[in-house]
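Notes follow once the structure below has been shown.
The values are calculated or read from the model by the stated rules, or taken from the named source; none is laboratory data. For clarity, every value in this text was computed on a predicted model and none was experimentally measured. Cβ placement follows ideal geometry from the backbone for every residue including glycine, while neighbour counts extend to all protein chains displayed. For the accessible areas, the whole protein counts, side chains as well, though only heavy atoms, and no ligand, DNA or RNA atoms are used. Shrake-Rupley method; radii C 1.70, N 1.55, O 1.52, S 1.80 Å.
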Amino acid sequence: MGVITKKIKGTEDVLPKQSYRWQFVEDVMRKEAQVYGFKEIRTPVFEHTELFQRGVGQTTDVVQKEMYTFDTKGGESVTLRPEGTAGAARAVLEHSLENDGLPIKASYFVSCYRYEKPQAGRLREFHQFGVEEYGTQSPIADAEIICVAKSIFDRLGIKQLRLELNSIGCPECRSEYHKALREYFGSHKEELCETCNSRLEKNPMRILDCKSPICSKIAENAPKITDYLCDECKEHFAQVQKYLDVAGVEYIVNPTIVRGLDYYTKTVFEFVTDFIGAQGTVCGGGRYDGLIEELGGKHLPSLGFAMGIERLLMLMDKQGIEIPKPSSCDLYVATMGDKAKEKAFSLIKSVRDCGLIAETDVVGRGLRPQMKYADKIGAKFSIVLGDNEIEQNSAEVKNMTTGEKTTLALDETFADKFSVLQLTENEAFKI
Ligand code: HAM
């Protein structure tokens, strides 16, 4: 197969027969975000490269190694978004959304691009659903966004997903921590990878989430941030846990969680599963009180999370969670002859106008293959229209499951009568 009929490594197609799975989880996410007061924001797929360098952080793996960055014909450096938070924050700033009242609560669906080594659950183009809340330092907000994620997982019937929680403090408590890390990693300087050596001075915390096996092994015994939290950060963390307890959300405190992006402060969390292999983090997020300021705005403490839709679907698959398949055809109208074709076309239009799914032959098949096709697409009811039916202006509607037949007039009452028939027979069949 030539290159133009092969998708790019690390990307996936969602085919028509699978898309209902995406639509189902997206509907649940959209609905749950609404219930918690979030409204959708849509931002461009590319942004100025500097936004991610400043927002996500110069010393992160994402910025140092994984961005799809290119120069436009106009000579600007732009980058395909590696995540949704920076773009949403840029839009909040650009449109001064804080003037509409705080907190600002935004949710989004985004495709993201990271040049990582593809493996199960790790793609170069992947999709996230996320929420961001701007303009609150209250620990209630931390618990609130965690509840949004938890509610989505519960509604989807996902089990055995651990919520792991940590606090990585504020810039003040972090300066002490950085000192301790520099000292610890400094004694392993020779073993650390080149990138981590360069991080040692600038941002030693980033060494903690390096993917190289040697660096991660060394990181296991590194000092823990929780031993360096200032009183305010400690109190905030205690309050977040209290509100999670109030909401009945279970969690474990995991002091090794630091997250791979630079903007985080205080609370960070991940929902992790053992069902889908090494890439078991389905959702990650936390507070980022300094990001809006870093991008040139006023102090606007904020927080959010994003979940990977591919990983979520993998997890549901592994847990055997069935996603209801939507009906693909309520009525198939098979035809013999030109007059029947015309009649069928007007009948399916009237049935479709009632919001039901109706199909007729559009490829020129004979009657038998048409009926085979009706079976294949799972038509619930079918009609065969030939010269007789046209002459008598009536036809038998066949229930494809029970074989039961009902005669309906082929006039303007057809669609209404068919709607009633399919409702009653479907209900009767369910009972
Ligand atoms: P993140 O942890 O980089 O955080 O990504 C969030 C989720 O996206 C991950 O938990 C995972 O499910 C999915 N994901 C990440 N990389 C890949 C990949 N290469 N292939 C497939 N799925 C992937 C963020 O992106 C932050 N912006 C989250 C956030 C929002 N924090 C505050 N607000």
Descending accessible area (1.4 Å probe), largest on the left, turns F38, F126 into F126, F38
Relative to the chain, whose Cα atoms define the longest principal axis, helix 367-376 and its Cα axis are tilted in degrees, nearest 10, by 30 degrees
Among GluC sites (Glu not before Pro) in region 319-393, those in a DSSP loop whose Cβ has at most 11 other Cβ atoms within 10 Å are E322
Expected unfolding gain across S77-H299 under the 0.36 nm per residue rule, minus the alpha-carbon gap, is 77.2 nm
Once normalised by the length of region 174-331, the mean sequence separation of its alpha carbon contacts under 8 Å that are 6 or more apart gives a contact order in percent of 14 percent
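Rounded, prolate or oblate: which fits region 194-296, taking a ≥ b ≥ c as square roots of the Cα gyration tensor eigenvalues, rounded meaning a/c under 1.5, else prolate when a/b beats b/c? Don't jump to the answer; show the numbers that get you there.
Working: a/c = 1.69, a/b = 1.23, b/c = 1.38.
Since a/c reaches 1.5 but b/c is at least a/b, the shape of region 194-296 is classed as oblate.
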Taking 0.36 nm per residue of separation between R182 and E250 and subtracting their Cα-Cα distance, the length gained on full extension comes to 21.1 nm
Normalised Cα Rg of region 235-373, dividing by 2.2 N^0.38 Å with N its residue count, works out at 1.88
Rounded to the nearest 10, the angle in degrees between the Cα long axis of helix 309-318 and the longest principal axis of the Cα atoms of the chain comes to 70 degrees
Sparse-neighbourhood loop hits (trypsin sites (Lys or Arg not before Pro), region 1-34; DSSP loop; Cβ within 10 Å at most 16 others) -> K6, K7, K9, K17
For the chain, the longest principal axis of the Cα atoms and the Cα long axis of helix 19-35 enclose an angle in degrees, to the nearest 10, of 60 degrees
Treating only Lys and Arg (+1) and Asp and Glu (-1) as charged, each at its beta carbon, one finds that region 301-372 has a dipole about its Cα centre, in Debye to the nearest 20, of 260 debye
Surpassing 32 Å at the alpha-carbon level, of the pairs K7/K73; K31/K405; K6/K266; K117/K224; K17/K266, are K31/K405; K6/K266; K17/K266
Relative contact order in percent for region 36-104 (Cα pairs under 8 Å, 6+ apart) equals 33 percent
About its Cα centre, the chain carries a charge dipole, from +1 on Lys and Arg Cβ atoms and -1 on Asp and Glu Cβ atoms, whose size in debye to the nearest 20 is 1080 debye
Here, A238 and Q58, labelled 7 Å along Cα→Cβ, have an inter-label distance in nm of 3.8 nm
Inter-part gap, Cα centre of region 358-431 to Cα centre of region 189-219, in whole angstrom, is 67 Å
Rounded to the nearest 0.05, FRET efficiency between K339 and R365 (Cβ-Cβ, R0 30 Å) equals 0.95
One finds the C-alpha centres of region 250-294 and region 4-46 to be spaced, in Å, by 21 Å
Output for region 214-303: trypsin sites (Lys or Arg not before Pro) sitting in coil per DSSP, at most 12 other Cβ within 10 Å, listed by number, reads K298
Mean separation of Cα contacts under 8 Å (at least 6 apart) over the residue count of the chain, i.e. the relative contact order in percent, is 15 percent
Semi-axes of region 1-73 from the Cα gyration tensor (sqrt of 5 times each eigenvalue, largest first, whole Å) come to 28, 25, 11
Here the gain from full extension of E125 to K417, 0.36 nm per residue of separation minus their alpha-carbon distance, amounts to 100.4 nm
